1. Using amide H atoms built 1.01 Å from N in the peptide plane, name the residues 5+ places from T3, or on other chains, whose amide H lies under 5 Å from its own.
2. Going by the alpha-carbon gyration tensor, a ≥ b ≥ c the square roots of its eigenvalues, is the chain rounded (a/c under 1.5) or, if a/c is not under 1.5, prolate (a/b greater than b/c) versus oblate?
3. Out of I30, S18, A50, whose Cα points farthest toward the positive end of the dipole of the chain (charges: +1 Lys, Arg; -1 Asp, Glu; placed on Cβ)?
4. Please state the relative contact order of the chain as a whole percent: Cα pairs under 8 Å, 6+ residues apart?
Amino acid sequence: MFTHTCTVCARRQLVFTSQITSMTNTEAGIVVLFDCWCGAEQTWLTGKSARTTRRTPVAA
Ligand SMILES: [Zn+2]
């Protein structure tokens, strides 16, 4: 799980693996698509190739 600030509802909340709808490896990094608690589809760019990340991983 990780935290995310939604671009629609502006809430910073925990995102669980059950909310993830897809993960795609790209040259820019791993693009994670997931649904926010408000229902909005969100993206998270992560992985070694990602230049920056604003999400903080949370230990399970
Ligand atoms: Zn939201």
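1. Hits under the 5 Å cutoff: V15, T56, V58.
2. On the way: a/c = 1.62, a/b = 1.46, b/c = 1.11.
Judged from the Cα gyration tensor, the chain comes out prolate (a/c at least 1.5, a/b above b/c).
3. Ranked along the dipole, the leading option is A50.
4. On the way: 99 pairs, mean separation 18.9, N = 60.
Relative CO of the chain lands at 32 percent.
Rule-based calculations on the coordinates, nothing more; no lab input. Owing to the predicted nature of the structure, the values given are computational and were not obtained by experimental measurement. So basically every Cβ, Gly included, is an ideal-geometry build from the backbone, and we count neighbours across all protein chains shown.
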